[in-house]
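The values are calculated or read from the model by the stated rules, or taken from the named source; none is laboratory data. Being a predicted model, the structure only gives us computed values, none of them experimental. Because the Cβ atoms are built from the backbone with ideal geometry, glycine has one as well, and the counts that use them run over all protein chains shown. Accessible surface areas use protein heavy atoms only, side chains included; no ligands, DNA or RNA. Shrake-Rupley method; radii C 1.70, N 1.55, O 1.52, S 1.80 Å.
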Amino acid sequence: MPNKRQFRTDAKRGRYRIKNPDTGILVSECHFFASFANCVILKMTSPSEKANCVGWYFESKSIVKVQRNVHTKFNKPPPSRNSILSWHKKFLETGSVLDKPRSGRPSTSDSDVERIREAFTRSPTKSTRQASIELGVARSSIRDVLHKRLHFKPYKMQLVQQLKPSDLSIRFNFAVDMLHRIDVDNDFLQRIIFKDEATFHVSGHVNKHNTRIWGSGNPHFIIETVRDSPKVNVWCGLMADRVIGPFFFAE
């Protein structure tokens with residue numbers, strides 16, 4: 001924190017200035033308006049500016065002269081004493097003022113990408129969590145590879161009722177009969193109960209909400225459900241003027 005000598009306050013304008021006590025050069029200026037502050041702060045020093053600072057320090061061996069040269073040539077607040085000495089030391093040790101390249105997070109190798117492709121081609125319904133355990137690759141990396149490099153998309157399966165060949169003619173005849181009844185009686189639909197049900201299977205039935213199929217194209221994957229498998233049904237009916245249910249049926 002700068003000491004009191006480095007602050008000059010203009011109470012009327014709500015402005016605070018910070019000056020370097022050695023050079024008298026403005027380092028920072030803040031303007032306060034109501035409940036927020038707008039501060040003009042020193043910009044980041046570019047590599048060329050750092051190189052100039054190191055060169056000037058070699059010539060003069062003076063921090064103050066380097067700071068004055070920066071203010072004169074670049075028209076910006078000069079760097080601190082510690083920054084100049086740090087750049088000088090880095091140049092002596094490495095021959096450059098640039099920072100060393102940071103390691104960062106390693107990218108997924110081509111071999112791992114191919115392993116991920118083979119795993120999901122062989123088993124499209126495999127979850128990313130399961131693939132992460134089997135392949136030893138981070139789950140986030142697997143998702144990135146599937147989306148960005150393999151261009152796979154997660155598709156949701158469809159649960160449809162199993163139809164037998166005889167069901168087609170039964171459905172057609174029912175539709176024709178309903179249209180005939182509506183033509184004869186305008187109030188026919190007022191006496192019809194529209195119902196729906198939710199089925200909870202006791203055995204290990206697939207949950208479509210938690211299952212995704214990975215692929216580059218929509219496989220239009222469907223599962224036929226067997227109606228007489230062990231389950232619990234929740235039934236509810238809807239008429240023109242009232243709701244019937246819900247009722248629970250265990251099988």
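Here is how the numbers come out for the structure above:
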quantity: Residue-normalised accessible area of the range 110-151, given per residue in Å² at a 1.4 Å probe; calculated: 61
quantity: For residue 171, solvent-accessible area (1.4 Å; no DNA, RNA or ligand), Å²; calculated: 140
quantity: Entries of 156/231; 90/148; 50/148; 153/195 with Cα pairs more than 30 Å apart; calculated: 90/148; 50/148; 153/195
quantity: For residue 244, solvent-accessible area (1.4 Å; no DNA, RNA or ligand), Å²; calculated: 40
quantity: Candidate residues 248, 200: accessible-area rank, largest first, probe 1.4 Å; calculated: 248, 200
quantity: Coil-residue trypsin sites (Lys or Arg not before Pro) of the range 38-98, DSSP, other Cβ within 10 Å capped at 16; calculated: 43, 61
quantity: Of all accessible heavy-atom area on the range 110-151, the percent that carbon and sulfur account for (1.4 Å); calculated: 46
quantity: Projected label distance in nm at residue 176 and residue 122, using a 7 Å step from Cα toward the beta-carbon; calculated: 5.3
quantity: Stretch gain in nm, segment residue 82-residue 96, where the contour uses 0.36 nm per residue and the Cα spacing is subtracted; calculated: 3.3 nm
quantity: For the range 52-92: accessible area per residue (Å², 1.4 Å); calculated: 60
quantity: Heavy-atom accessible area order for 87, 235, largest first, 1.4 Å probe; calculated: 235, 87
quantity: Pair residue 110, residue 149: separation of 7 Å Cα→Cβ label points (nm); calculated: 1.1
quantity: Residue order for 83, 107 - accessible surface, 1.4 angstrom probe, largest first; calculated: 107, 83
